[in-house]
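To keep things clear, I will list the structure first and then write my remarks on it.
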Amino acid sequence: MNPEPTTAETLRATLAGLLDGLPPKQAAAAVDRLIANYRGRTPTDAPVLRDRSDVAAYAAYRMPATFEAVRAALAGLVEAAPGWAPASHVDVGGGTGAATWAVDATWAGPRETLVLDWAEPALALGRELAADSGSGVLRGAEWRKAAIGTGLELPAADLVTVSYVLGELTAEARRAVVAGAARAGQAVVVVEPGTPEGYLRIREARDALIAAGFTVAAPCPHDGTCPIVVGEDWCHFSARVSRSSLHRQVKGGSLAYEDEKFGYVAAVRFPVAPAAARITRRPQIRKGLVLLDLCGPEAEGLTRATVSKRHGDTYKAARDAEWGDAWPPPAGD
């Protein structure tokens, strides 16, 4: 018997052939413009995805990467609250639904799901993709047009996701969306590109959520001031993404994958157990030792741990550790 395909595999299969009939140059041009927008250099008060060709290019090129980044962020929330699962989810600026697919890959249903976006072409394609997903939660999701900005009103939900959205907004709209998510959600997860600008937006959202009474579940080990000096470094992580034919067409190269850099904050209104520390860079494996850059308790801030063979099982765990993991690993890992 063949194993059931994973959600990621189903998403890739559903996206296959999406660009059939769209001239390659048109798809590439749409992707170039969308990359500039998602990196947050053109804040606006209008939808970034304008028509079917934009949406098809976005979905084929960006949706797998957004899915993997959000899924990695949600894994941080699961790690801090392993017994919790959302019975309702609102995806703000959800577009074609990458974050909604990531939530479906993280927790089993049933679950009420609402996807809000201001681009009707994105919502229409999102509905089509969900209908082909094989998931009852995705097929049953509501896709609703809404202006993402200062006038946004959100229904109460266990989980609110805001992924790759804030960089498209003016500063006023950005603050309003985070405030709306804080009013509506028991858990809020914000994901942005892993750029210095994206980090600043995550940092701003983190501060706003803490001020609204939330506790940070991940990636931070505490609710204190971020120890990173702005302008000297930025907090971000990496998720492995299988490259589509459009990825290879636009970027060139022969690798079957690329690494999506992203930043995130997951904050909640219920008890959680954040990581004691978080690995903030790719571990450096040397002969007989591993160097781990860590963000730890507020009093410690940023530190580097040297783990050698004499540490026994801890050394083995360090060799297996990855950028973004909790440290030390949870018992039983």
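The values are calculated or read from the model by the stated rules, or taken from the named source; none is laboratory data. It should be emphasised that the depicted structure is a prediction, and the values quoted were computed from it without experimental measurement. Neighbour counts run over all protein chains shown; Cβ positions are idealised from the backbone, glycine included. Just the protein is used for accessible areas: all its heavy atoms, side chains included, with ligands, DNA and RNA removed. Shrake-Rupley method; radii C 1.70, N 1.55, O 1.52, S 1.80 Å.
For the chain, which whole-number percentage of the solvent-accessible area (1.4 Å probe, protein heavy atoms only) is attributable to carbon and sulfur atoms?
Values: 7670 of 14930 Å².
The C+S portion of the solvent-accessible surface of the chain is 51 percent.
Taking a ≥ b ≥ c as the square roots of the eigenvalues of the Cα gyration tensor, an a/c ratio of 1.5 or more together with a/b no larger than b/c marks region 168-325 as oblate. Only lysines eight or more places from Lys261 in sequence, or on another chain, were considered; those with a Cα closer than 18 Å are Lys251. Legend: residues Asp91, Asp293, Asp32, Asp233, sorted from most to least accessible area (1.4 Å probe; ligands, DNA and RNA excluded), read Asp32, Asp233, Asp293, Asp91. What aspartates and glutamates could a cross-link reach from Lys287, if we take a straight Cα to Cα line under 19 Å and drop same-chain neighbours fewer than 8 places away? Within reach: Asp313, Asp320, Glu322.
Loop-only check: which GluC sites (Glu not before Pro) in region 121-169 are DSSP coil with at most 15 other Cβ within 10 angstrom? Don't skip to the end; give the middle numbers.
Working: sites: Glu128, Glu142, Glu153, Glu168; in loops: Glu153.
Of the GluC sites (Glu not before Pro), the ones in loops of region 121-169 whose Cβ has at most 15 other Cβ atoms within 10 Å are Glu153.
Where both bridge residues fall in the chain, DSSP classifies roughly 60% of the beta bridges as antiparallel.
Where does each of 303-311, 59-67, 315-323 land if you order them by average Cβ count within 10 Å, highest first?
Values: 303-311: 13.9, 59-67: 25.1, 315-323: 16.0.
Sorting 303-311, 59-67, 315-323 by mean packing, highest first, produces 59-67, 315-323, 303-311.
Once backbone amide H atoms are built at 1.01 Å from N, Ala276 has Trp327 as its partners under 5 Å, excluding neighbours fewer than 5 places away on the same chain.
So for each of 283-291, 180-188 I average, over its residues, the number of other beta carbons within 10 Å; can you give me the resulting order with the highest mean first?
Working: 283-291: 13.1, 180-188: 22.4.
Ranked from most to least packed, the peptides come out as 180-188, 283-291.
Which shape class, rounded, prolate or oblate, goes with region 41-189 when its Cα gyration tensor gives a ≥ b ≥ c as root eigenvalues, a/c under 1.5 marks rounded, and past that a/b bigger than b/c marks prolate? Before the final figure, lay out the partial values.
Details: a/c = 1.58, a/b = 1.15, b/c = 1.38.
Here region 41-189 falls in the oblate category.
Indicate the gyration tensor shape class of region 76-120 (rounded, prolate or oblate), computed on the Cα atoms with a ≥ b ≥ c the square roots of the eigenvalues: a/c under 1.5 is rounded; otherwise a/b larger than b/c is prolate and the rest oblate. Prolate. Rounded to whole numbers, the Karplus 3J(HN,Hα) couplings from phi for region 85-102 are 8, x, 9, 8, 9, 10, 9, 7, x, x, x, 8, x, 4, 5, 5, 5, 5 Hz, using 6.51 cos²θ - 1.76 cosθ + 1.60 with θ = phi - 60°, and x at Gly and Pro. The Cα-based radius of gyration and maximum Cα-Cα distance (Dmax) for region 289-329 are 10.2, 28 Å. Solvent-accessible surface of the chain, averaged per residue with a 1.4 angstrom probe and all protein chains in place: 45 square angstrom. Where does the charge balance sit around Pro64 when Lys and Arg score +1, Asp and Glu -1, over other residues with C-beta under 9 Å from its C-beta? Result for the local shell: +1.
The three principal axes of the Cα atoms in the chain give end-to-end lengths of 60, 46, 45 Å, sorted in falling order.
Each of Thr150 and Arg175 was given a label point 7 Å from its Cα along the Cα-to-Cβ line. The distance between the two points is 1.1 nm.
What aspartates and glutamates does Lys316 reach when the alpha-carbon gap must be under 13 Å and sequence neighbours fewer than 8 apart in one chain are set aside? Straight-distance partners of Lys316: Asp333.
Amide H contacts of Leu169: Thr44, each under 5 Å away and 5 or more positions distant or on a separate chain (H built 1.01 Å from N in the peptide plane; Pro and chain starts excluded).
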